[in-house]
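The values are calculated or read from the model by the stated rules, or taken from the named source; none is laboratory data. Values in this document were obtained by computation on a predicted structure and should not be read as measured data. A quick note on method: Cβ atoms are made from the backbone with ideal geometry, for glycine too, and the neighbour counts reach across all protein chains shown. Protein only, heavy atoms only, side chains kept; ligands, DNA and RNA dropped before computing areas. Shrake-Rupley method; radii C 1.70, N 1.55, O 1.52, S 1.80 Å.
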Amino acid sequence: MEVNQYLEMFIEESKEHLQACSEHLLELEKNPNDLTIVGEIFRSAHTLKGMSATMGFEDLADLTHKMENVLDAIRNEKIKVSPEILDVVFESVDHLEEMVMDIANGGDGKRDVSATVAQLKRIELGEEAVQEVAVTAETAHPAIENMLEYDSFEQTVIAQSAEQGFNAYEILVRLREDCLLKAARVFMVFEILEKDGDVIKASPSVEKLEDEQFDQQFYIAFVTKESAEDMQKKLMKVSEVEEVVVSVIDAAKLGQSQYSEEVAPVEEASQPVEVQDKNEQTPAPVQAAAPAKADKAHAPVGNKTIRVNIERLDILMNLFEELVIDRGRLQSIATEVNHGELNETVERMSRVMGDLQTIILTMRMVPVETVFNRFPKMIRQLSRDLNKKINLEIIGAETELDRTVIDEIGDPLVHLIRNSVDHGIENPTARRAKGKPEEGTVVLRAYHSGNYVFIEIEDDGAGINRDKVLAKALAKGVVTQEQASVMTDKQINELILASGFSTAEVISDISGRGVGLDVVKTTIESLGGNISIESTQDVGSTFSIQLPLTLSIISVMLVEIEKEIYAIPLSSIIETSIIRSSDIMNAHNQKVIDFRGKVVPLVFLEEIFEVPRKEQQDDEFHSVVIVRKGEKLAGLVVDSFIGQQEIVLKSLGNYLTNIFAISGATILGNGKVALIVDCNALIK
Amino acid sequence: MTNAVEQESIKVIVFQLADKEYAIPVSHVQGIEKLMHITRVPKTPHYVKGVINLRGVVTPIVDLRERFGLPISDHEETTRIIIISLEDMEVGFVVDSANDVLDIPANAIEPQPEVVGSLEEAFISGVAKIDRRLLILLHLEKVLN
């Protein structure tokens, strides 16, 4: 099916256009009088309509069309923007999104939207008289018989473009009889046309034209802002073109003529009246022209980019991972052989691969914007549902993250934002009472720092009520009284991330079934990140998420225990150190050391991992890797350090799941598998 | 595996464990490998020997002798790893030796005999008698769960 190959692109682009619609709608809500924004929305909607009709998703095209009508009326100042109208338009966009999602999931994009359609119609209807005027203005064009037949969609496109001040032409191009490269000429004709406007239809079809399956002439239906005369002149410039006849398509007559078209004799139509400049008659409002021009000016400026299927990037990444493993192998061989030139070559190759890795990784980077951009609409909806006034500020949306992380981070963020809006921001009355502005602010911030990306969700709401959290935690048995007495404020704040926790007095739909935040925590930790909370009562809270830039290739420190090699992610390591046996102290049955003035518990990996020992050692010195999880530290005791290495993260498969303190595996240079230590599990 | 009985004949890989012969349908077998370095994975059931690097894929290894509670023997020259794929899992079985590929006619398969026996009984989906050989058909889902 020829349509299928475009489906993916269609879905991608539809999403982009819908996203643009929502963004501009939100903007419009803030500046209801700015008609250029309406123009922007209209453009996105218009393109979406065209695409979906071409792809045969009639429902999608239909709803977009209805929405477009309303937008058009707003743009032409026939309707005033009001929250009610925007609600309906938002609803339409929601429906459209659902439809596109359905199509993306293999559905047919059908959906019952009759209620929304009726509402759109009702809004639009008051203005019917005015629209009629526009149509009568159209009929002032000289009446012309058209050669091509237009289906209802094409008719709408023609009618719509006429409303926007585009001229619709039917162009007859006749090539010379001795024309040798017919397909090439067709291509040149289309190239000229596509520079100046859009081809709606061609007869014979474009495929046939490209295959030279036509005699000497063909017809094209075309919308443009250029005059008929100019188009004709331009097309005549193409070599081997004998004749170009440009005639106007009368949008108003299209509908009626449809019935008679089959009867219409060919002779009559083959003598179309040549049309002179029609530009002075265009009934289009000025606003329409501006965005259309902006669009054109924008297109050629764009960076030289290409769309690449994500699958290909994944394959590239996989191949590169293979290379990383082989590099490790080569390095270990080179060390064994110790041959000068070999060493040099391996070293140079390693450097080049380092550069290559940077490029591949950055290629897979996606701005967090792709996740963030759904939040403004969500906040809008939430603030309505909860009767709160909330302003969302997004900072650093251009910050880039690996695609694998982006895919996973969406849901946790939704949860956290809902949590901030629901539990954080107070209702306007409460805020007034506290002397805060009625409108609460939620700041969503992303930035890079070192090998990490930080995402913060900050609200100026009620903050976390320490006593309430503690009381609840005690009641639910999350902590014991003894534990509670020694906990810092930060630790208490973080209790709300524990499972089975919900402090909201009224459980709402938005958040607060207590299943949320611990899931957030688990997800983020499974991504190799961590989450922390800062909160001051009545001032606000900040949830801070730290995420690694990428998940597939990480730097680790290889350590040895007996004959087994384990990898400890560098991101968890603070430093390594050698300690004397006499430095080890006992506290509550836990061996600890004094590390830079801090008491750090020791974890003997040998015991945790039940490493079989041939003989008991009693070394005076111990190698310790100091690792951290948030603020907490631990010292992992190993036999020896091997060194630092870049490794490719591999999963242990579906048979072995949830292995304690092991987050995955990797393949070493010698082809053996080494396990990756999950430091988060080792620090309680 | 479970619907083996309905089929006319099934192709199986035959392998040896202690003194008995077992069979697994070829459709579930990804390959047979010589013994290679197994990396021990801590805190797993005793019969999970660890993981191997199977051409870049980290594959878990189950020792069938230990799984069936048979006496443990040292790995020898004939010891093989049979790579099984079941649903979305890939697992390697350590066996004493992999002997044969056979076609078993459906009518040669009988339900598992009602003898009170060893642990392995729970993992059997049937037995097949071919010539003078008795093949024990494994129930892979049960072996892996």
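Within the range A:573-608, track down each residue that is open to solvent by less than 20 Å² (accessible area, probe 1.4 Å) and away from chain B (no Cβ under 14 Å).
Across the range A:573-608, the qualifying residues are A:Ile579, A:Val592, A:Ile593, A:Val600, A:Leu602.
Restricting attention to the range A:663-673, and to residues there that are touching a residue at least 40 places away in the same chain (Cβ under 8 Å), open to solvent by less than 30 Å² (accessible area, probe 1.4 Å) and more than 7 Å from chain B (Cβ to nearest Cβ), which single residue is farthest from A:Gly635 (Cα to Cα)?
Only one residue tops the list, namely A:Gly669.
Can B:Ile52 be described as within 14 Å of chain A (Cβ to nearest Cβ), surrounded by 21 or more Cβ atoms within 10 Å (Cβ to Cβ) and in contact (Cβ under 8 Å) with a residue 40 or more places away in the chain?
Yes, satisfied.
Scan the range A:457-468 and give yes if some residue there is in contact with a Lys or Arg (Cβ under 6 Å, 6 or more places away or on another chain) and within 30 Å of A:Thr358 (Cβ to Cβ), otherwise no.
No: zero hits.
From the residues in the range A:1-52 that are basic (Lys, Arg) and open to solvent by 50 Å² or more (accessible area, probe 1.4 Å), which one is nearest to the chain's Cα centre (by Cα)?
Ranking the qualifying residues of the range A:1-52, first place goes to A:Lys15.
Might you let me know whether the range A:457-474 holds any residue that is open to solvent by 70 Å² or more (accessible area, probe 1.4 Å) and at pLDDT below 80?
No, the range A:457-474 contains no residue that is open to solvent by 70 Å² or more (accessible area, probe 1.4 Å) and at pLDDT below 80.
Return the pair list, or none, for Cβ contacts closer than 7 Å from residues in the range A:463-488 that are in contact (Cβ under 8 Å) with a residue 12 or more places away in the chain and in the same structural domain as A:Asp538 (by TED's automatic domain parsing) to residues that are in a loop (DSSP other than H, G, I, E, B) and of a type in the set (Ser, Thr, Tyr), at least 6 apart or on different chains.
Listed pairs, sorted by first residue: A:Lys468/A:Thr503; A:Val469/A:Thr503; A:Lys472/A:Thr503.
From A:Glu393, A:Glu369, grab the single residue that is modelled with pLDDT of 85 or more, within 16 Å of the chain's Cα centre (by Cα) and open to solvent by 30 Å² or more (accessible area, probe 1.4 Å).
Result of the check over A:Glu393, A:Glu369: A:Glu369.
Against the conditions (1) touching a strand residue (DSSP E or B) at 6+ places or on another chain (Cβ under 6 Å); (2) within 14 Å of chain A (Cβ to nearest Cβ), where does B:Ile82 fall short? Just the number, please.
Tallying (1) touching a strand residue (DSSP E or B) at 6+ places or on another chain (Cβ under 6 Å); (2) within 14 Å of chain A (Cβ to nearest Cβ), B:Ile82 fails exactly one: (2).
Looking at the range A:652-661, which of the residues that are facing chain B (nearest Cβ under 7 Å) and in contact (Cβ under 8 Å) with a residue 12 or more places away in the chain is least open to solvent (accessible area, probe 1.4 Å)?
The selected residue is A:Leu652.
Within the range A:436-452, track down each residue that is open to solvent by less than 40 Å² (accessible area, probe 1.4 Å) and modelled with pLDDT of 85 or more.
A:Lys436, A:Gly440, A:Thr441, A:Val442, A:Val443, A:Leu444, A:Ala446
May I ask you to list pairs of residues, at least six apart or on different chains, whose Cβ atoms are under 9 Å apart, with the first in the range A:631-643 being of a type in the set (Phe, Trp, Tyr) and the second being in a strand (DSSP E or B)?
Going by the 9 Å Cβ cut-off, the qualifying pairs are A:Phe641/A:Met557; A:Phe641/A:Leu558; A:Phe641/A:Val559; A:Phe641/A:Glu560; A:Phe641/A:Thr576; A:Phe641/A:Ser623; A:Phe641/A:Val625.
Can you go through B:Arg80, B:Arg65, B:Arg132 and tell me which one is more than 22 Å from A:Leu652 (Cα to Cα) and either aromatic (Phe, Trp, Tyr) or touching a residue at least 40 places away in the same chain (Cβ under 8 Å) (or both)?
On inspection, the qualifying residue turns out to be B:Arg65.
Scanning for something touching a Ser or Thr at 6+ places or on another chain (Cβ under 8 Å), more than 21 Å from B:Lys142 (Cα to Cα) and in a loop (DSSP other than H, G, I, E, B), does the range B:29-42 turn up at least one residue?
yes
So for the range A:139-156 (the condition being open to solvent by 70 Å² or more (accessible area, probe 1.4 Å), modelled with pLDDT of 75 or more and touching a helix residue (DSSP H, G or I) at 6+ places or on another chain (Cβ under 7 Å)), does at least one residue qualify?
no
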